[in-house]
1. In percent, how large is the relative contact order of the range 1-66, given Cα pairs closer than 8 Å and 6 or more residues apart?
2. Along the three principal axes, how long is the chain when you take its alpha carbons, biggest first, rounded to the nearest angstrom?
3. Just to confirm, what accessible area per residue do you get for the range 1-66 at 1.4 Å probe, in whole Å²?
4. Pop out the carbon and sulfur fraction of the accessible area of the chain as a percent, whole number, probe 1.4 Å.
5. In degrees between 0 and 90, to the nearest 10, how far off the longest principal axis of the chain does helix 3-15 point, with axes built from Cα atoms?
6. Suppose every Lys and Arg Cβ carries +1 and every Asp and Glu Cβ carries -1, with no other charges. What dipole size does the range 1-66 come out with about its Cα centre, to the nearest 20 debye?
7. In a shell of Cβ-Cβ distance under 13 Å around GLU35, excluding GLU35 itself, what net charge do Lys and Arg (+1) and Asp and Glu (-1) give?
8. Using a 7 Å offset from the Cα along the Cα-to-Cβ direction at both ILE68 and LEU44, what is the distance between the two label points in nm, to one decimal?
Amino acid sequence: MEEKEYVIDEIKTLISSTGEKIDINPKFLDYFDLEELYDIKENLLSKKENFRENNKDFLEQIYEKTKINEI
């Protein structure tokens with residue numbers, strides 16, 4: 001598998017909310033060069049990490065409220 005195909009596979013997995021690869025129109029992906037694909041990949045990784053961090057605080061708040069209600 002060439003490097004561009006490998007990065008495209010990673011992008012397909014990152015786009016998915018379940019972690020499974022999704023289908024993307026190959027003609028659309030051919031439009032991007034390797035550097036642009038790496039930028040897309042890094043952007044998706046960053047968005048996923050930010051999403052996790054934002055949800056972490058929210059979930060901790062909910063957990064703390066449930067502990068208070070159990071007492």
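The values are calculated or read from the model by the stated rules, or taken from the named source; none is laboratory data. Just so you know, these numbers come straight off a predicted model, no measurement behind them. Heads up, the Cβs are rebuilt from the backbone with ideal geometry, glycines too, and the neighbour counts pull from every protein chain shown. With ligands, DNA and RNA removed, areas are computed over all heavy atoms of the protein, side chains included. Shrake-Rupley method; radii C 1.70, N 1.55, O 1.52, S 1.80 Å.
1. 30
2. Cα extents, longest axis first: 58, 20, 19 Å.
3. 82
4. 52
5. 30
6. For the range 1-66, the charge dipole is close to 400 debye.
7. -3
8. 4.0
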